[in-house]
Amino acid sequence: MKTPSVVAVVAAVLAMGLHLWPGTGKGIRGRTVPPATWAVPAPVQIPAAPAFVREELLEPGPGVASVHVASLAEFAPGRLAACWYGGSKEGARDVGIYLTVRDGAPGSHWSPPTAVVFAQTAERELQRYVKKVGNPLLFSDGQGQLQLLFVSIAAGGWSGSSLNLRRSPDAGKTWSPSRRLVLSPFYNVSELVKNAPIPVEGGGWCVPIYHEMIGKFPELLWLGVPDALTTAVRSRPFGGRTAFQPALVPLGARRALLLCRTAGDRTELFGSRTEDGGVHWSSPALVGLPNSGSGIAAIRMSDGRILLAFNDTQSGRDNLRLAVSADEGVTWRRAATVASEPGADYSSPYLLQTRDGRFHLVFTWKRLAIRHVEFNTAWLDASMKEGTP
Amino acid sequence: MTGLWLLQGLMGLGLFLVIQAVRQGGRLPGRSSAISWVLLGGCLLVPRIPVGGLSLAQWVAGFSPGCSIPLLAVAAHAAIRALGGPPLFRPQELQSLWILGVVLGVVLYPASLGWGTWDPYAEGWGRSWIFLVLGVVAAVFLLLGVRSGYVLLAAILAWRLGALESTNYWDYLVDPQFFLIALICLAMGAFARARANPAAAAGSEAKKPLNAVG
């Protein structure tokens, strides 16, 4: 063997060693995700209380004619932040991501919305051309910090989206520069987000995201999970073109249900399950509820049941209804209809249960405003007794 | 943006190669002249020109998938040749890089667009078999004196150093541009061999030892 070859092989071995050596480089700890353990609190019974519901429209923002895709976070006990995207029309260059906050004090109101990201902001921070922004997802560890995932697009429609992350240490007053997450080898496009993340045991988040270019399928973004080799990695429950835009509902430390909007001809909701922390998922199967190709939201209630918000129709988006499952998504009972008007657009629901046990639902109201519905378990259960099974 | 300087370099080399090809009528190796070196320096500066608040490289970055280490290596090889310098890679070494690009692209891109449940891209974040396989391939290449092994080695090192925006190892090995170029080069090579010697095109090439090409 020639000396240069020996040197080269030694270099190759060193390079491999650099990769494999634990504790070096970008926070290498020891293994990849999934599998992961979801942080799932034990079910608790909510004390009896009178039924409560309150509805309000959130102001869209100065000069904003069209809004869509809202999300919510409780960034401190009782303190809420909401965001959505809005502008002259969906996908326009003037679309911005707006944020509003509500204090925890009784009778407090939402603050006037302020823009936190425009295409120009993202362009400057990402140092690349950005045509438009959209689909913001706001979430918080409840200690005052907010995290914002949003999509940016350089060309084409939503399927050309890339995901970006911003952080605010002070409930939205100031933000870190946007950071682009590289999650796909093919031009890093078609990575979108809509639904709530789930905290991971030991730190970090599991965010349900999705892909919609050629294939339409759900994905999981593991963000800041300490055991991950890097700070943002992605996994795929299943591929193809059956179902996408997932909502992730943890059922236990290693068990979860993924509910997805239909991507094909079947106008029904799909579900998939994992029993091993997200490594293996069952083939998508029908859940027994209709879906018109519109987004859904689902969360695990603090008493262990599952709450779902969906358009209860096989065409259009002219109603928005709640449903509850007490058996981990095997069967569902319809609850309150929170909006219904022939021909109207009630879409993109987002659900959150705050530490006081109350539920918050935000959704797009006729594309003109974001509607916020706040209710408690007593109201939800009462609506189930009155509603259709 | 991490990796922008690599994209700037790639754009500059690409521009230089196009201009040199026009100047020299596509002949390689090119002539080493003061004008060529000045031209190269100028081309490397072009991506930094600001247009509408962004540099040209930042505009391109909006649509570009980034640049893998093999693509940079091949561009550097072509630029050195265009300047009249010695080749970084022998023809069969280039061929091995094209094959690598096509194989990785075929494994990666259909799956990334949803074909099947297996997601090979996710392996690039972990302590995965692909590091082992490509490490062994690199070691074998280097033992045989095939310089493509250095490219694989450089990709591992670049990944460890975080030279690109991506934290996924696959992005250091292949990108859609490199895949496309590799596909075209392989197809053109096969076509040229078939035209030159239809009967023995495939067989004789395969039997030729690596160090016989230079």
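Quick notes
- Between A:V133, A:V151, A:V189, the distinction of being closer than 24 Å to B:Y121 by Cβ, assigned to a strand (DSSP E or B) and in contact with a helix residue (DSSP H, G or I) (Cβ under 8 Å, 6 or more places away or on another chain) belongs to A:V151 only.
- Single condition A:S294 does not satisfy, out of (1) among the small types (G, A, S); (2) touching a residue at least 40 places away in the same chain (Cβ under 8 Å); (3) over 22 Å from A:S340 (Cα atoms): (3)
- Conditions (1) facing chain A (nearest Cβ under 10 Å); (2) modelled with pLDDT under 85; number of the one not met by B:S204: (1)
- Considering residues of segment B:98-119 that are within 18 Å of A:G278 (Cα to Cα) and surrounded by fewer than 17 Cβ atoms within 10 Å (Cβ to Cβ) only, the residue farthest from the other protein chains (Cβ to nearest Cβ): B:W118
- Condition met for A:S302 (of a type in the set (G, A, S) and closer than 30 Å to A:D103 by Cβ): yes
- Scanning segment A:291-340 for residues that are in a loop (DSSP other than H, G, I, E, B) and among the β-branched types (V, I, T) returns A:I296, A:T313, A:V330, A:T331.
- Matching residues in segment A:366-384 - criterion: being closer than 15 Å to A:T100 by Cβ and either crowded, with 22+ Cβ neighbours inside 10 Å or touching a His at 6+ places or on another chain (Cβ under 9 Å) (or both): A:I370, A:H372, A:E374
- B:L180 vs. criteria under 17 Å from the mean Cα position of the chain (by Cα), more than 8 Å from chain A (Cβ to nearest Cβ) and either of a type outside the set (A, V, I, L, M) or buried (at least 17 other Cβ atoms within 10 Å of the Cβ) (or both): no
- Residue ID - farthest from the chain's Cα centre (by Cα), chosen from residues in segment B:42-65 that are away from every other protein chain (no Cβ under 14 Å) and loosely packed, with under 15 Cβ neighbours inside 10 Å: B:I49
- Qualifying residue in segment A:194-211 (condition: assigned to a loop (DSSP other than H, G, I, E, B), crowded, with 19+ Cβ neighbours inside 10 Å, small (G, A, S) and within 11 Å of chain B (Cβ to nearest Cβ)): no
- Residue in segment A:112-129 that is under 24 Å from A:A298 (Cα atoms) and within 22 Å of the chain's Cα centre (by Cα) present: no
- Total residues in segment B:19-41 satisfying the condition of being modelled with pLDDT of 85 or more and surrounded by fewer than 15 Cβ atoms within 10 Å (Cβ to Cβ): the figure is 6.
- Any hit, segment A:96-115, residues being closer than 20 Å to A:E191 by Cβ and either assigned to a loop (DSSP other than H, G, I, E, B) or touching a strand residue (DSSP E or B) at 6+ places or on another chain (Cβ under 6 Å) (or both): yes
- Strands (runs of 3 or more DSSP E) fully within segment A:213-255 counting 2 or more residues that are more than 12 Å from chain B (Cβ to nearest Cβ), touching a strand residue (DSSP E or B) at 6+ places or on another chain (Cβ under 6 Å) and touching a residue at least 40 places away in the same chain (Cβ under 8 Å): A:243-250
- Residues of segment B:158-192 satisfying the condition of being within 24 Å of B:L113 (Cα to Cα) and among the aromatic types (F, W, Y): B:W159, B:Y169, B:W170, B:Y172, B:F178, B:F179
- Lone unmet requirement of (1) surrounded by 22 or more Cβ atoms within 10 Å (Cβ to Cβ); (2) small (G, A, S); (3) touching a residue at least 40 places away in the same chain (Cβ under 8 Å); (4) in a strand (DSSP E or B) for A:G86: (3)
- Filter result for B:F89 (in a helix (DSSP H, G or I), buried (at least 19 other Cβ atoms within 10 Å of the Cβ) and not polar (S, T, N, Q)): no
- Condition check for A:L165 on (1) of a type in the set (A, V, I, L, M); (2) buried (at least 22 other Cβ atoms within 10 Å of the Cβ); (3) more than 9 Å from chain B (Cβ to nearest Cβ): one failure, at (2).
- Single residue of segment A:63-83 satisfying the filter (crowded, with 24+ Cβ neighbours inside 10 Å and farther than 19 Å from A:G142 by Cα) that is farthest from the chain's Cα centre (by Cα): A:V67
- Counting only residues that are crowded, with 19+ Cβ neighbours inside 10 Å and in contact with a His (Cβ under 9 Å, 6 or more places away or on another chain), segment A:110-146 holds 2 of them.
- Complete set of residues in segment B:131-149 that are surrounded by fewer than 20 Cβ atoms within 10 Å (Cβ to Cβ) and facing another protein chain (nearest Cβ under 7 Å): B:F131, B:L143, B:G145
The values are calculated or read from the model by the stated rules, or taken from the named source; none is laboratory data. Note that this is a predicted model, so its numbers are computed, not measured. Because the Cβ atoms are built from the backbone with ideal geometry, glycine has one as well, and the counts that use them run over all protein chains shown.
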